[in-house]
Each structure stands twice: as structure tokens, then as C-alpha cells.
1. Kirkwood hydrodynamic radius, the stretch 165-208, all distinct C-alpha pairs: what's the number in Å?
2. Just read off the accessible area of Leu30 with the full protein assembly in place, 1.4 Å probe, to the nearest 10 Å².
3. Let me check the size of the stretch 19-78 from its C-alpha atoms; what are the radius of gyration and Dmax in Å?
4. Based on the alpha-carbon gyration tensor of the chain, what equivalent-ellipsoid semi-axes (square roots of 5 times the eigenvalues) come out, in whole Å, largest first?
5. Checking a compactness column here: for the stretch 1-44, what do you get for Rg(Cα) / (2.2 N^0.38 Å), N being the number of residues?
6. Might you tell me the accessible area per residue for the chain, computed with a 1.4 Å probe and given in Å²?
7. With no solvent and one equal point scatterer placed on each C-alpha of the stretch 57-169, evaluate the Debye formula and give log10 I(q)/I(0) for q = 0.10, 0.19 Å⁻¹, two decimals.
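The values are calculated or read from the model by the stated rules, or taken from the named source; none is laboratory data. Everything quoted here is computed from the prediction, not taken from an experiment. Quick note on the areas: whole protein, heavy atoms, side chains included, nothing else; ligands and nucleic acids left out. Shrake-Rupley method; radii C 1.70, N 1.55, O 1.52, S 1.80 Å.
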Amino acid sequence: MGGLQYVYFEVAQEEYVKCLDVEALDDSDLHESEKTELSYKATGHAVKAIVFSALCVEASINNYAGIHLGDSYCENHLYSMDVISKWVVIPKLVCGKSIDKSGPAFGALKRLIKARNKLVHNKSQEFDPTSISDLGQYLEKRDKTFKDDFESSLRALYLMCMEMDFLLGQMHNPIRTLDKEFNPCLDMPKQVKPLFDECKNIVLKNHS
């Protein structure tokens, strides 16, 4: 009882969609202050998408472990492990199957956790006012990395969901199944449909 992975999933997806919606707005007639405000809004939605995607994958594997291996065993031996190790070890303990560490889902999971850690453990850096050009290059690189991390956040959730369908089965998927035939009530926002289809093709190709 009390697992919040489904809530985290919905929040991550909703924030991802909100960020896309803000980015799609036409700001050509806006003042600079208004453009800045929109940029802050988009950043806020992106941060939430990344953090809640990571919360979802961690809560999901913790819940899966507790159900199948017992809370006492997990508290003593598993919950202190890092998230990525949990996804490698726990399915193996439960049913003898391990996620493909060379596959796209695992690679996306590692990137997601790295992106979350950068946000959660955010640190300031020294700025040399005599190196304006270097600062510009640094900020440009940082912004691109953040955008890539955002775009990869929901991709990681989708890939992990689809990978777990193959590995553990739809009934036992630790996160949730995104198979509409199995879950007719599944409602995918139109803004993420291209990403969903891309992830589906990646996983199907990987298992063909």
C-alpha cells in the first residue's frame, strides 16, 4: 500500500506536455521580460518532468521488490542500493531475469538518473568576469545538455515500461504497461504520441 509510482508517472508526463506547450507558443510579439517569464515556466516544467520520471522508476522498483521479496529483506539488503543497481538485481532475484544492460531502455535509465542527480545535487560554479566568451560557450552547452536531458526523461519512462512488458510481462510490469490492448483505458496525450511511437519502434526492433 502507499506506492506513488502511478502518481509520479502522471506528473512526469503532464509536466513534459506542459513544457512542450510552452515551448510551442509564438513569442515573436512579446517583450523580453515576457519571453524570460515563458522561459522560466518551460524550465520549471522540464525540471519536474525529469525529477518525477526518476521518482517513478525508483518508486516502481522499490514497490516491486517489497511485494515479491518482503519489506524486511529489502530494508536490510536492497533499498540502500542505487537505483540503477536495483533495476539490475531485483528482477533477477524475483524471477531470474535481468534487464539488458546493452539495450536502449537501460541506457535511457542511466541517463535519466544522471540528469536527476545533477538537479538534486545542483552546485554553483565560479565565474571569471574576464572570460565572457567562455561563459557564453558554457551557458550554451549547459542549456543544450538540459534540453537533451528533458527530452530524454519521458523517453526513459516509456522505454522502461515497454522493456518490462517483454522482460516481466504486462501483469507484472513494475511501472505500468503502455499496451492499449491490455489497458484499453490508456489515454496518451497527442503531444507525446510521436515520442511514444518512436519508443515502441525502438523496443520492438530490439526484440525482433
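1. Details: mean 1/r = 0.0873 Å⁻¹.
Taking every pair of different Cα atoms in the stretch 165-208, averaging 1/r and inverting gives 11.5 Å.
2. Estimated to the nearest 10 Å², Leu30 gives 60 Å².
3. Answer for the stretch 19-78, Rg first and Dmax second: 19.8, 59 Å.
4. Details: eigenvalues 225, 91, 48 Å².
In descending order, the three semi-axes are 34, 21, 15 Å.
5. Values: Rg = 14.5 Å, N = 44, 2.2 N^0.38 = 9.3 Å.
Compared with the compact-globule rule of thumb, the stretch 1-44 sits at 1.56.
6. Numbers: 12350 Å² over 208 residues.
Accessible area per residue, the chain: 59 Å².
7. Reported log10 I(q)/I(0), two decimals: -0.41, -1.00.
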